[in-house]
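The values are calculated or read from the model by the stated rules, or taken from the named source; none is laboratory data. The structure displayed is predicted, hence computed values, not measured ones. Because the Cβ atoms are built from the backbone with ideal geometry, glycine has one as well, and the counts that use them run over all protein chains shown. Note: accessible area is taken over every heavy atom of the protein model, side chains too, but ligands, DNA and RNA are not part of it. Shrake-Rupley method; radii C 1.70, N 1.55, O 1.52, S 1.80 Å.
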Amino acid sequence: MTTRPAVAGDICVLLAPSRPLSEEAARFVAGLRADLSGEIVDPLHVTVDRVATDDAAALIRCVRDSAKRLRPAAIRVDRLYFLPSQSRGPEIVKLEVSPDAVLDANMNELLAALRRCGLPSLYPPDRTTPTITTLQRVTRRDSVEADLAGLPLELFVADRVIVSRITGLARYEILDTATIPTSG
């Protein structure tokens, strides 16, 4: 399998919070939306990987087995940037996730599980820094820039794994969720 843009049918493995955002994080995200327009991505999440398979049940078994070895990870963000997006655009707003040992271990565990299941990544091999697509369908005006006074910020604690299938442009179907144990 080679890297390619997302298409309907692709399956994504995500790390997300099980609880609502803190007041500070919710205020930051709402402020971004007020500054830049667009739609808030719900749920906010870190995408671990995107794969293609006809056997979603086997993928879910691999992820559920792997989830037992994960730990909740504080997701801190420290930089914002814009990217063009055919499926969610014209632009999306991404937040870059700060390095974190627990998050790295969780992502490595899930990626290894997907490879053991024979599912190669559809992302380029040089994709190294986790990000969060925060706003979609953004049309940036030249005179408007986001207020970044709130960065760096702990956005959420990733304590849930979500397996979702892309069903269309900016549309997803959640296939399964798994709770990350609070102690390992």
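Just need a number here: residues in region 1-21 that are modelled with pLDDT of 95 or more and polar (S, T, N, Q).
1
For residues that are modelled with pLDDT of 95 or more, part of a strand (DSSP E or B) and of a type outside the set (A, V, I, L, M), tally how many sit in region 149-170.
The qualifying residues number 5.
So which pairs qualify, if the first residue must be in region 85-97 and under 16 Å from T129 (Cβ atoms), the second must be aliphatic (A, V, I, L, M) and open to solvent by 30 Å² or more (accessible area, probe 1.4 Å), the Cβ gap must be under 7 Å, and the two must be at least 6 apart or on different chains?
Once the first residue is under 16 Å from T129 (Cβ atoms) and sits in region 85-97, its partners that are aliphatic (A, V, I, L, M) and open to solvent by 30 Å² or more (accessible area, probe 1.4 Å) give I92/L83; K94/L83.
Taking T129, is it at pLDDT below 90, touching a strand residue (DSSP E or B) at 6+ places or on another chain (Cβ under 9 Å) and not hydrophobic (A, V, I, L, M, F, W, C)?
Yes, satisfied.
Tell me, yes or no, whether region 156-174 has at least one residue that is without any contact (Cβ under 8 Å) to a residue 60 or more places away in the chain, within 26 Å of R4 (Cβ to Cβ) and either surrounded by 17 or more Cβ atoms within 10 Å (Cβ to Cβ) or aliphatic (A, V, I, L, M) (or both).
Yes, region 156-174 contains a residue that is without any contact (Cβ under 8 Å) to a residue 60 or more places away in the chain, within 26 Å of R4 (Cβ to Cβ) and either surrounded by 17 or more Cβ atoms within 10 Å (Cβ to Cβ) or aliphatic (A, V, I, L, M) (or both).
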